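Heads up, the thing below is written out as structure tokens.
The values are calculated or read from the model by the stated rules, or taken from the named source; none is laboratory data. What you see is a predicted model; the values in this text were computed from it and never measured. Every residue, glycine as well, gets a Cβ built from its backbone with ideal geometry; the counts of neighbours run over all protein chains shown.
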């Protein structure tokens, strides 16, 4: 049936693909950098994240997020999770990076704060953040 439409098939619409970058940044004292998630209530905390610019290396975006929070990222950033989601006309690939980071002076314009493991246990976390922490410290977050 080449050249003719097959009955019952729907013509696919083109999707726009974007890359969302999330960063699990850990300092030498094992504190984790978390952002306040403003769009949800009650208050939740999540990893710093952004949509990479078209053509931007996602690892460069991950480093940029750490710098924007007032820290110096390690030279090595590593993908620890990947998730692909299609909603409406968008295909979003979520990449979760882990990197070491050295906190510097806190930037007043950044909602990100450094939290100890003991403090994080009491926080309301986004599902993606819980999953990333479980991959790093499974004994603390075994329920993901």
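Go through the residues of segment 90-101 one by one and say whether even a single one is without any contact (Cβ under 8 Å) to a residue 24 or more places away in the chain, farther than 30 Å from residue 14 by Cα and touching a helix residue (DSSP H, G or I) at 6+ places or on another chain (Cβ under 9 Å).
Looking only at segment 90-101, we keep the residues that are without any contact (Cβ under 8 Å) to a residue 24 or more places away in the chain, and these are none.
Checked segment 90-101: no residue is without any contact (Cβ under 8 Å) to a residue 24 or more places away in the chain, farther than 30 Å from residue 14 by Cα and touching a helix residue (DSSP H, G or I) at 6+ places or on another chain (Cβ under 9 Å).
Is it the case, given these coordinates, that residue 80 is in contact with a helix residue (DSSP H, G or I) (Cβ under 6 Å, 6 or more places away or on another chain) and surrounded by fewer than 19 Cβ atoms within 10 Å (Cβ to Cβ)? Show your work before the answer.
Details: in contact with a helix residue (DSSP H, G or I) (Cβ under 6 Å, 6 or more places away or on another chain): yes; surrounded by fewer than 19 Cβ atoms within 10 Å (Cβ to Cβ): yes.
Yes.
Kindly indicate whether residue 53 is in contact with a helix residue (DSSP H, G or I) (Cβ under 8 Å, 6 or more places away or on another chain), outside any strand (DSSP E or B) and either surrounded by 11 or more Cβ atoms within 10 Å (Cβ to Cβ) or modelled with pLDDT of 90 or more (or both).
Values: in contact with a helix residue (DSSP H, G or I) (Cβ under 8 Å, 6 or more places away or on another chain): yes; outside any strand (DSSP E or B): yes; either surrounded by 11 or more Cβ atoms within 10 Å (Cβ to Cβ) or modelled with pLDDT of 90 or more (or both): yes.
Judged against the criteria, residue 53 is a match.
Please work out which residue is modelled with the highest pLDDT, limiting yourself to segment 91-111 and to residues that are in a loop (DSSP other than H, G, I, E, B) and within 24 Å of residue 18 (Cβ to Cβ). Break it down into steps so the answer makes sense when it comes.
Just the residues of segment 91-111 that are in a loop (DSSP other than H, G, I, E, B), to begin with: 104-111.
Now restrict to residues that are within 24 Å of residue 18 (Cβ to Cβ): 110-111.
Working: 110: 67, 111: 72.
In this case the residue turns out to be 111.
Determine whether residue 72 is modelled with pLDDT of 85 or more, over 12 Å from residue 21 (Cβ atoms) and surrounded by fewer than 17 Cβ atoms within 10 Å (Cβ to Cβ).
Numbers: modelled with pLDDT of 85 or more: yes; over 12 Å from residue 21 (Cβ atoms): yes; surrounded by fewer than 17 Cβ atoms within 10 Å (Cβ to Cβ): yes.
Criteria met by residue 72.
Any idea which residue in segment 117-137 is modelled with the lowest pLDDT, counting only those that are assigned to a loop (DSSP other than H, G, I, E, B) and under 25 Å from residue 82 (Cα atoms)?
Top of the filtered list is 137.
Checking the conditions here, which among 59, 20, 69 is touching a residue at least 60 places away in the same chain (Cβ under 8 Å) and either closer than 15 Å to residue 131 by Cβ or touching a strand residue (DSSP E or B) at 6+ places or on another chain (Cβ under 8 Å) (or both)?
On the way: 59 fails: touching a residue at least 60 places away in the same chain (Cβ under 8 Å); 69 fails: touching a residue at least 60 places away in the same chain (Cβ under 8 Å).
When all the criteria are applied, what remains is 20.
Going by what's in this entry, would residue 114 be described as modelled with pLDDT under 80, more than 12 Å from the chain's Cα centre (by Cα) and buried (at least 16 other Cβ atoms within 10 Å of the Cβ)? Working first, answer last.
Details: modelled with pLDDT under 80: no; more than 12 Å from the chain's Cα centre (by Cα): yes; buried (at least 16 other Cβ atoms within 10 Å of the Cβ): yes.
Spelling it out, it is not the case that residue 114 is modelled with pLDDT under 80, more than 12 Å from the chain's Cα centre (by Cα) and buried (at least 16 other Cβ atoms within 10 Å of the Cβ).
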